[in-house]
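Here's the structure we're looking at; comments come further down.
Read the figures in this text as sums done on the coordinates, not as results from a lab. Everything numeric in this text was worked out from a predicted model, so none of it was measured. All Cβ positions, glycine included, derive from the backbone under ideal geometry; neighbour counts span all protein chains shown.
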Amino acid sequence: MAVTIYHNANCSTSRKVLGWLKDKGIQPQVIEYLKTPPSAAELKRILKQMDASPHDILRRKGDAYEALGDVSKLNADALIKRMLEEPVLIERPIVVSDKGAVLCRPPEKVWEIV
């Protein structure tokens, strides 16, 4: 099974999920999304797999989030554009497999798709 994790090594939840995957014998493709953000098309594909909107994966902490202002006024395309400009706005970790995609918050959600 092909597994990809959109990972931030500074995030304890992201490290935990990656560790669990490796402990299970899964060697996921690790994408450090802060260094290599997904394209708009890729992010839309992941959201479709999750049956989610950009608002569902928005990280609601930090200066970048505060700079957004009233996020309820941002449509999906505008929010995706901002997420790609400031990848820290994407909550992590997101794991994608042949079974779908999930935001691993809480981390145990990873077991839904692996």
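Using 7 Å Cα-to-Cβ label points, what is the LEU84/ARG105 separation (nm, one decimal)?
2.2 nm
Taking Cα atoms, how many degrees apart are the long axis of helix 76-85 and the longest axis of the chain, rounded to 10 and kept between 0 and 90?
Orientation of helix 76-85: about 70 degrees from the principal axis.
Starting from the Cα of VAL30, move 7 Å in the Cα-to-Cβ direction to define the label point; list residues of region 78-92 whose amide nitrogen is under 17 Å from there.
92
What is the sum of charges, Lys and Arg at +1 and Asp and Glu at -1, for the other residues whose Cβ falls under 12 Å from the Cβ of THR13? It would help to have the intermediate numbers written out before the result.
Numbers: positive: ARG15, LYS16, ARG59, ARG92, ARG105, LYS109; negative: GLU91, GLU108.
Charge balance near THR13 sits at +4.
Among DSSP bridges having both ends in region 3-112, what percentage is antiparallel? Round to the nearest 5.
Here the antiparallel bridges make up roughly 70 percent for region 3-112.
Hey, what did region 3-112 get for relative contact order, percent, Cα under 8 Å, at least 6 apart?
Numbers: 139 pairs, mean separation 39.6, N = 110.
Relative contact order for region 3-112 comes out at 36 percent.
Given the chain reduced to its alpha-carbon atoms as identical point scatterers, what log10 I(q)/I(0) does the Debye formula return at q = 0.22 Å⁻¹?
These q points yield log10 I(q)/I(0) values of -1.26.
Once both labels are modelled 7 Å past Cα along the beta-carbon direction, what's the ARG60-ALA40 spacing in nm?
So the label points at ARG60 and ALA40 sit 2.6 nm apart.
Looking at this model, which pairs from LYS35/LYS81; LYS22/LYS81; LYS16/LYS81; LYS73/LYS99; LYS24/LYS81 are more than 27 angstrom apart at the alpha-carbon?
LYS22/LYS81; LYS16/LYS81; LYS73/LYS99; LYS24/LYS81
Between region 10-27 and region 61-78, what is the C-alpha centre distance in whole Å?
That distance is 29 Å.
Would you order TRP20, TRP111 from fewest to most other beta-carbon atoms within 10 Å of each residue's own beta-carbon?
If I rank by nearby Cβ atoms, fewest first, I get TRP111, TRP20.
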